[in-house]
Amino acid sequence: VQLVESGGGLVQPGGSLRLSCTASGFPFSRYVMRWYRQAPGKERELVATITNAAALTNYADSVKGRFTISRDDAKNTVYLQMDSLKPEDTAVYYCKAVLINYWGQGTQVTVSS
């Protein structure tokens, strides 16, 4: 199993970023996928979920209306479009397949002026 997150960086408040997570080693299309984040000194928190076939999505209240999770099963990739970013969105972002106990290296998102 491998999950490789990318797309993080430094962005000003109000800006946008699009994170990608490319998966391998398991039948990606069959799995519910999630994005999590962990800010310094805080516990890892669930940000967004997308079911297989992209039938359903769900978001943490803190990002609802600003973030959008999507997936491309042909590319074994899940995305997180982040708009209207706030300083409190600063964290390392991770993707994860539900029921698979594996975490990638994450991608750092820093929102600062």
Once both label points are put 7 Å beyond Cα along the C-beta direction, the GLU45-SER113 separation in nm becomes 2.2 nm
Net charge (Lys, Arg +1; Asp, Glu -1) of residues whose beta-carbon lies under 11 Å from that of VAL78, VAL78 excluded, is +1
The local net charge around GLN105, scoring Lys/Arg +1 and Asp/Glu -1 for residues other than GLN105 whose Cβ lies under 15 Å from its Cβ, equals +2
With the 8 Å Cα cutoff and a minimum separation of six or more residues, the range 21-68 has a relative contact order in percent of 27 percent
Distance in Å, no decimals, from the C-alpha centre of the range 24-60 to the one of the range 63-102 is 6 Å
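By the scheme Lys and Arg +1, Asp and Glu -1, what is the net charge of all other residues having a beta-carbon under 15 Å from that of TYR31?
Details: positive: ARG30, ARG34, ARG71, LYS75, LYS96; negative: ASP72, ASP73.
In short, +3.
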Quick calc, GLN12 & VAL98: beta-carbon distance into FRET formula, R0 35 Å, rounding 0.05, result 0.60
If every Lys and Arg gets +1 and every Asp and Glu gets -1 at its Cβ, then about the Cα centre the range 17-113 yields a dipole, in debye to the nearest 20, of 120 debye
Checking the range 12-113 for GluC sites (Glu not before Pro) in a loop per DSSP with at most 16 other beta-carbon atoms within 10 Å yields GLU43
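Can you tell me which of 47-55, 77-85, 100-108 comes out highest on packing, and rank the rest after it, using the mean Cβ neighbours within 10 Å?
77-85, 47-55, 100-108
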Interchain or sequence-distant (5+) residues whose placed amide H lies within less than 5 Å of the amide H of LEU85 are GLY14, GLY15
Under the 7 Å Cα-to-Cβ spin-label approximation, LYS86 and ALA60 lie apart by a distance in nanometres of 1.2 nm
With x for Gly and Pro, the residue-by-residue ³J(HN,Hα) of the range 87-103, computed from phi through the Karplus equation 6.51 cos²θ - 1.76 cosθ + 1.60 at θ = phi - 60° and given in whole Hz, is x, 6, 7, 4, 4, 8, 9, 10, 9, 7, 8, 4, 6, 10, 8, 8, 10
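FYI, it's all coordinate maths here, none of it is from the lab. Because the structure is a prediction, the values reported are computed rather than measured. FYI the Cβ positions are ideal-geometry reconstructions off the backbone, even for glycines, and counts take in every protein chain you see.
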